[in-house]
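A.B. asks: Let me begin by handing over the structure; questions about it come next.
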Amino acid sequence: MTRNRFSLARKSALCAALMAAACGSAMAQSAYNTASTDRASYIPYTSAGYVGIAAGQSKYKVGNGNNSFGYDNKDTAFKLYGGGMFNQNLGLELGYVNFGEITRGGGDTKAQGLNLSLLAKAPLGDRFDVFGKVGTTYGWTKTSSNAASGVPGGKENGFGVSYGVGASYYFTPQVAATLEYESHDLKFAGTGKDRVELVTVGLRYNY
C-alpha cells in the first residue's frame, strides 16, 4: 500500500510538471532560457537544438533471489543525449543511457538503453526552468548469477515506459547545468520488467 501511494505521488508530480510546462507559454521568456526558433536542430521538424552529458547514480529495483549472496543495487551511471524543440515549451529528446553494473545473485547485472522522450518545459525567472518528460526506452540487460541464488541469468531486451522530471540553470544562453530524476522500465532475465531509477547532474549546450 505504501509503495502504491508513493508511485501515485511520483506520477502526480510528473503530471503537474508537464502541465506547468504546457502552460509555460503564458509566462515571460528570458534571453537565457528561451528556446530560440532561429537555431537549427538535427532532429526533423524541430529547431533550437541541444546536446548534453550527465552522470550520477542508478538504483536497480530488482530482487536478489533467496538472498544467499551479496546484494548491491546501486552504481555510477551516465547518459549522452540531444534534442530539439517544436516550440518554446515542447520538444523531442533522444539519448543513450548506461545504467552501470550491480552485484546480485552471486554474479552481476548490467543494463543500457536508447531513450526517446517528449519533453515539456517552463521557465522560472531569468535563468531557471523546470521540465518533465515521458517516453520509451529500448534496453539491453545482461545477468550472470550462481544457480543456487534463485536469480535467473541471461540476456534480455525490449521497450519499456520511461519518465523524468528536472531543472536547469543557465550560465549563459548556450550553457546550462541540469539536475534530473528518471525512471526506466527494463526487461531482465526471468523477472519481466523492473524499474531502474537514475539521478544525474550534467551540462547541456544549446548549439
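A.B. asks: Would you check if there is a residue in the range 140-147 being modelled with pLDDT under 95 and more than 21 Å from K79 (Cα to Cα)?
C.D. replies: Looking for residues that are modelled with pLDDT under 95 and more than 21 Å from K79 (Cα to Cα), one finds at least one in the range 140-147, hence yes.
A.B. asks: A further question on this structure: Does V130 satisfy the criteria of being hydrophobic (A, V, I, L, M, F, W, C) and over 22 Å from T172 (Cβ atoms)?
C.D. replies: Criteria not met by V130.
A.B. asks: Return the only residue of Y163, Y138 being crowded, with 20+ Cβ neighbours inside 10 Å and either out of contact with any Lys or Arg (no Cβ under 6 Å at 6 or more places or on another chain) or within 30 Å of S68 (Cβ to Cβ) (or both).
C.D. replies: Of Y163, Y138, the one residue that is crowded, with 20+ Cβ neighbours inside 10 Å and either out of contact with any Lys or Arg (no Cβ under 6 Å at 6 or more places or on another chain) or within 30 Å of S68 (Cβ to Cβ) (or both) is Y163.
A.B. asks: If you don't mind, there's one more thing I want to ask. Kindly indicate which of G106, G91 is open to solvent by 10 Å² or more (accessible area, probe 1.4 Å) and modelled with pLDDT of 95 or more. Quick ask: steps written out before the conclusion?
C.D. replies: Values: G91 fails: open to solvent by 10 Å² or more (accessible area, probe 1.4 Å).
Just one listed residue meets the conditions, G106.
A.B. asks: With the requirement that a residue be of a type outside the set (K, R) and closer than 19 Å to G95 by Cβ, what does the range 116-129 give you? Let's see the steps before the verdict.
C.D. replies: Kept after step one, since they are of a type outside the set (K, R), are these residues of the range 116-129: 116-120, 122-126, 128-129.
If the condition is that a residue be of a type outside the set (K, R) and closer than 19 Å to G95 by Cβ, then L116, S117, L118, L119, A120, D129 are the ones that fit.
A.B. asks: I've got another one for you. Looking only at the range 43-74, which residues are surrounded by 13 or more Cβ atoms within 10 Å (Cβ to Cβ), farther than 30 Å from R104 by Cα and without any contact (Cβ under 8 Å) to a residue 60 or more places away in the chain?
C.D. replies: I43, T46, S47 - these are the residues of the range 43-74 that are surrounded by 13 or more Cβ atoms within 10 Å (Cβ to Cβ), farther than 30 Å from R104 by Cα and without any contact (Cβ under 8 Å) to a residue 60 or more places away in the chain.
A.B. asks: Only one residue in P173, P123 is closer than 21 Å to T46 by Cα, open to solvent by less than 10 Å² (accessible area, probe 1.4 Å) and at pLDDT below 95. Which one?
C.D. replies: P123
The values are calculated or read from the model by the stated rules, or taken from the named source; none is laboratory data. Note that the structure is predicted; figures quoted are calculated from it, not measured. Note: ideal-geometry Cβ built from the backbone for every residue, glycine included; neighbour counts use all protein chains shown. Protein only, heavy atoms only, side chains kept; ligands, DNA and RNA dropped before computing areas. Shrake-Rupley method; radii C 1.70, N 1.55, O 1.52, S 1.80 Å.
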